[in-house]
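Remarks on the structure that follows.
The values are calculated or read from the model by the stated rules, or taken from the named source; none is laboratory data. Quantities reported herein were computed from a predicted structural model and do not represent experimental measurements. As a convention, Cβ positions derive from the backbone with ideal geometry for all residues, glycine included, and neighbour counts pool all protein chains shown. Side chains included, ligands, DNA and RNA excluded: accessible areas come from the protein's heavy atoms. Shrake-Rupley method; radii C 1.70, N 1.55, O 1.52, S 1.80 Å.
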Amino acid sequence: MTVTDTAGVHNAAPLPPLAARARSTGGSPVRDILAVTARPEVINFAGGLPAPELFDAEGIAAAYRDVLAETPARALQYSTTEGEPVLRAALADRTSARGLATGPDDVLVTTGSQQGLSLLATALLEPGDTVLVESPCYLAALQAFAFAGARVVAVPGDEDGIDPGALEELVVRERPKLLYTVPTFQNPTGRTMPAARRAAVAEIAGRCGLWIVEDDPYGELRFEGGRVPWIASCDGARDRTVLLGSFSKVMAPGLRLGWLRAPAGLRRACAVAKQAADLHTPTVNQLAAARYLADRDLDAHVARVAAAYGVRRDAMLTGLTDALPAGSRWTRPEGGMFLWARLPEGYDTTALLPEVVRHDVAYVPGAPFHAGTPDRATLRLCFVTQTPDEIAEGLRRLGAGLRGAGA
Ligand SMILES: Cc1ncc(COP(=O)(O)O)c(C=O)c1O
């Protein structure tokens, strides 16, 4: 019904409100910071952006050219929700080669691993269900669980990841449906959970009845130390662990290609949720990725990228001593893209950020990564997007910005 007021203007009746989940779940604070730091002069340690000059643009372009030239009718057509068979087979082979026997049917191709998270939330979570997460935790996972109306509870941990004793206590007390973890080169801390702790987590999940979501977009980017087996391959957790993978950090995030390896019942439920979300992941991207895997050596490419990232990590470790106030501590990741720093007690990295950004450098404050009580003295730095010289300059600016803000 519309109402015309005395000035002859049509006053529309108020519209029904947004859904409660849309009203209660905010946008990503990282995206807001990225918007502020879009000025080209800003050295941006805030984004989680792979180094663009290391993309194999030529190899990826050749793969697209080939599939579009040779099988255009297929590449440009609708596809199945589960994914292109040739890509599913290649993903299964890569997973099996890393110690987890996998067949093509075990894999669902997703539009980035972020979609895997939202499909799992849709398939598993009722409003009010409890989800256990690491503290701190990957931000957009917190967002996906919040959107599903879940109650998110942080599991205490240390530099090796979640504490199995604390996990068991919380499982008994809170009866959660799932545990979400990034056990290798975690976002945001860069830390890796050692094998013994993975086995302990798997054992608790098996004994207490719990899904584990093991998110692994960074595991291939190791520049130091030896590979640690997936939780998904631990005895006791094989039937209850969902492994999420992604090409974003090893090929290019613009492809929006990820995958999910899950037990059959849950995988089928995720496929139905995916039908409702986007029918399927773009066919041409899937076929181009499969073609790239067949014609090129992705492992050799990843080894080059990881080596460059190792040099950049060292550049950041070197500059941090002068940049951060005395008494600060930070992680020393063996791979991945991020490190995590903690300034001395009393510092608030959210309050310090505006002055730091005025010095043309940016980080992400640590507070929003915490599901429980935020630790305001923490911050995340991405060490891979810039060259070592730019990292050194960025850290000089960070030091000046923090001192300018009275830190
Ligand atoms: C831990 C974690 N999971 C998932 C994602 C999403 O990645 P994708 O580009 O595959 O959607 C990211 C991206 O930064 C991430 O850090």
Practice task
Rounded to whole Hz and in sequence order, give me ³J(HN,Hα) for region 244-260 from the Karplus expression 6.51 cos²θ - 1.76 cosθ + 1.60, θ = phi - 60°, writing x for Gly and Pro.
Solution key: 9, x, 7, 8, 4, 8, 10, 10, 5, x, x, 6, 6, 10, x, 7, 9
Completion exercise
Checking rank on 131-142, 91-102, with mean other Cβ inside 10 Å and highest first, the result is 131-142, 91-102
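If packing is taken as the mean number of other Cβ atoms within 10 Å per residue, what is the order of 146-159, 377-390, highest first?
Details: 146-159: 18.1, 377-390: 21.2.
The most tightly packed comes first, giving 377-390, 146-159.
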Exercise for the section: Find the relative contact order for the chain and round it to a whole percent, using C-alpha pairs within less than 8 Å whose residues are 6+ positions apart. Expected result: 22 percent
Completion exercise
Dividing the mean separation of Cα pairs under 8 Å (6+ apart) by the residue count of region 220-259 yields a relative contact order in percent of 29 percent
Completion exercise
Long-range amide H partners of Gly161, meaning residues 5 or more apart or on another chain whose placed amide H is closer than 5 Å, are none
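If R0 is 56 Å, what FRET efficiency do you get for Thr321 and Ala13 from their C-beta distance, rounded to 0.05?
Details: r = 62 Å, r/R0 = 1.11.
The value I calculate is 0.35.
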Practice task
Could you tell me what percent of the accessible area of region 13-93 is made up of carbon and sulfur, with a 1.4 Å probe and every protein chain present?
Solution key: 63 percent
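Given the rule -39500 (n - 2.57) for each run of at least 4 DSSP H residues, summed and divided by the residues of the chain, what is its mean residue ellipticity at 222 nm, to the nearest 500 deg cm²/dmol? Walk me through the numbers before you get to the answer.
Working: 14 runs with 171 residues, N = 407.
Taken over the chain, the calculation gives -13000 deg cm²/dmol.
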Practice task
Under 15 Å from the Cβ of Ala276, count the other residues' Cβ atoms, weight Lys and Arg +1, Asp and Glu -1, and hand me the total.
Solution key: 0
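With the Cα gyration tensor of region 57-295 in hand, convert its eigenvalues to equivalent ellipsoid semi-axes via √(5λ) and list them largest first in whole Å.
On the way: eigenvalues 194, 75, 46 Å².
Its equivalent ellipsoid spans semi-axes of 31, 19, 15 Å.
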Handout entry: Sorted largest first, extent of the chain alpha carbons per principal axis (Å)
Key = 74, 59, 53
Completion exercise
In the chain, whole DSSP H helices that both stretch 30 Å or further along their axis by alpha carbon positions and average at least 1.6 on the Kyte-Doolittle scale are none
